[in-house]
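We did not get these values from a lab; they are worked out from the coordinates using the rules stated. The structure displayed is predicted, hence computed values, not measured ones. Note that each Cβ is placed from the backbone with ideal geometry, even for glycine, and that neighbours are counted across all protein chains shown.
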Amino acid sequence: METIFRCPICDVVKFQLSKYLQHLQLLHHHLPDFRIVCDIDGCKRNYTTIPGLRTHIYRKHRAE
């Protein structure tokens, strides 16, 4: 099954993690009180920075 990344802010869909993170960085990170929830496999960790989210995903959700 293919992983789909849906932006919780504007509902845009991306099929690659890098494109999803790029979308967040370019369009939403500057918003006041920016916070993003991981939401991969029901994960509810939340982050205020894109690098924090990226590090979490690569450490906790990458296939071995």
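Of everything in the range 13-26 that is of a type in the set (A, V, I, L, M) and surrounded by 13 or more Cβ atoms within 10 Å (Cβ to Cβ), the residue that is farthest from Arg54 (Cα to Cα) is Leu24. Output the residues belonging to the range 27-64 that are in a loop (DSSP other than H, G, I, E, B), of a type in the set (A, V, I, L, M, F, W, C) and surrounded by fewer than 13 Cβ atoms within 10 Å (Cβ to Cβ). Answer for the range 27-64, where residues must be in a loop (DSSP other than H, G, I, E, B), of a type in the set (A, V, I, L, M, F, W, C) and surrounded by fewer than 13 Cβ atoms within 10 Å (Cβ to Cβ): Leu31, Ala63.
Please find, within the range 20-48, the residue that is farthest from the chain's Cα centre (by Cα) out of those that are over 19 Å from Lys60 (Cβ atoms) and in contact (Cβ under 8 Å) with a residue 12 or more places away in the chain. Can you show your working first?
Start the filter on the range 20-48 by keeping residues that are over 19 Å from Lys60 (Cβ atoms), which leaves 22-23, 25-34.
From the residues that got through so far, the ones that are in contact (Cβ under 8 Å) with a residue 12 or more places away in the chain too are 23, 25, 27-29, 31, 34.
Working: His23: 9, Gln25: 10, Leu27: 13, His28: 11, His29: 11, Leu31: 15, Phe34: 12 Å.
Result: Leu31.
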